[in-house]
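The values are calculated or read from the model by the stated rules, or taken from the named source; none is laboratory data. Quick caveat: nothing in here was measured; it's all calculated off a predicted structure. Here Cβ is always computed from backbone atoms with ideal geometry, including for glycine, and neighbour counts include all displayed protein chains. Ligands, DNA and RNA are excluded from the accessible area calculation, which covers all protein heavy atoms including side chains. Shrake-Rupley method; radii C 1.70, N 1.55, O 1.52, S 1.80 Å.
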Amino acid sequence: AGKGAARATRRDGRVPGVIYGDKSPPTLISLDPRDVMREASKAGFFTRLYEIEVGGAKHRVLPRDVQFHPVNDKPEHIDFQRVGASTRVRVEVPIKLENLDKSPGVKRGGVVNLVRHAIELWSNPETIPPRIVIDMAGLDIGDSIHINAIALPDGVKPTIARNFTVVALRAPSVSKAEEEKPAEAAA
């Protein structure tokens, strides 16, 4: 444990880390940096449950933080939260938009304003959705989708109690110089 041990672990080509939580003492680990990079580059990394075996004991964990080197972007440290069957966790789940090509507002030149790229949720570890999919089919300019209109799995609820906007479809903004060009051409 400590700065010296973490540096020694990095010199050996490994990534130091810690598993904490679930009313158990912290467990220090080291991981292969290729495994950390492969998993961290996947979408929904922080919403995925992992099982890590340390000294014969298996730990169900959620990744909580990865620290990267500021110059070479190699992982420097990783934190995992140990989760039990009754644990409720707070996670940020990314948003994915579907059927943009079936939206009349987008076809007419509307601009999609993704107000939130991720939504923070309270959830049991087993019911964490990997992403929240929003169907844009049928949306016209001026329409918006709020959190209450999105179907979430049972036992999953947003951390914010109010009905906030997630995505909106707005009219395109056109500068006056672009508006004057067609008027000059018509004259």
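Which fully enclosed helices (runs of 4 or more DSSP H) of the stretch 1-116 have 1 or more residues being more than 30 Å from ARG170 (Cα to Cα), among the hydrophobic types (A, V, I, L, M, F, W, C) and open to solvent by less than 30 Å² (accessible area, probe 1.4 Å)? Quick ask: steps written out before the conclusion?
Values: elements: 3-11, 33-40, 104-107.
By residue number, 3-11, 33-40.
Among all residue pairs at least 6 apart or on different chains, which show Cβ distances below 7 Å where the first residue, located in the stretch 39-55, is free of Cβ contacts under 8 Å to residues at least 60 places away in the same chain and the second is in a strand (DSSP E or B) and β-branched (Val, Ile, Thr)?
ALA40/VAL66; PHE46/VAL91; TYR50/VAL61; ILE52/ILE19; ILE52/ILE29; ILE52/VAL61; VAL54/THR27; VAL54/ILE29
Please specify each residue of the stretch 117-154 satisfying the condition of being surrounded by 13 or more Cβ atoms within 10 Å (Cβ to Cβ) and in contact (Cβ under 8 Å) with a residue 60 or more places away in the chain.
Correct list: PRO125, ILE128, PRO129, PRO130, ARG131.
Scan the stretch 5-38 for residues that are touching a residue at least 60 places away in the same chain (Cβ under 8 Å) and either at positive phi or of a type outside the set (D, E, K, R) (or both) and jot them down. First the steps, then the outcome.
Residues of the stretch 5-38 that are touching a residue at least 60 places away in the same chain (Cβ under 8 Å), as a first pass: 6, 10, 15-22.
Selection gives ALA6, VAL15, PRO16, GLY17, VAL18, ILE19, TYR20, GLY21, ASP22.
Among the residues of the stretch 130-187 satisfying the criterion of being polar (S, T, N, Q) and in a loop (DSSP other than H, G, I, E, B), which is modelled with the lowest pLDDT? Before the answer, list the steps.
Filtering the stretch 130-187 for residues polar (S, T, N, Q) gives 144, 148, 159, 163, 165, 173, 175.
Filter once more, keeping what is in a loop (DSSP other than H, G, I, E, B): 159, 163, 173, 175.
Values: THR159: 91, ASN163: 91, SER173: 80, SER175: 54.
Among those residues, the one meeting the criterion is SER175.
If you check LEU31 against the conditions, is it closer than 20 Å to GLU126 by Cβ and either at pLDDT 85 or above or more than 22 Å from the chain's Cα centre (by Cα) (or both)?
Numbers: closer than 20 Å to GLU126 by Cβ: no; either at pLDDT 85 or above or more than 22 Å from the chain's Cα centre (by Cα) (or both): yes.
No; evaluated as a whole, the condition is false for this residue.
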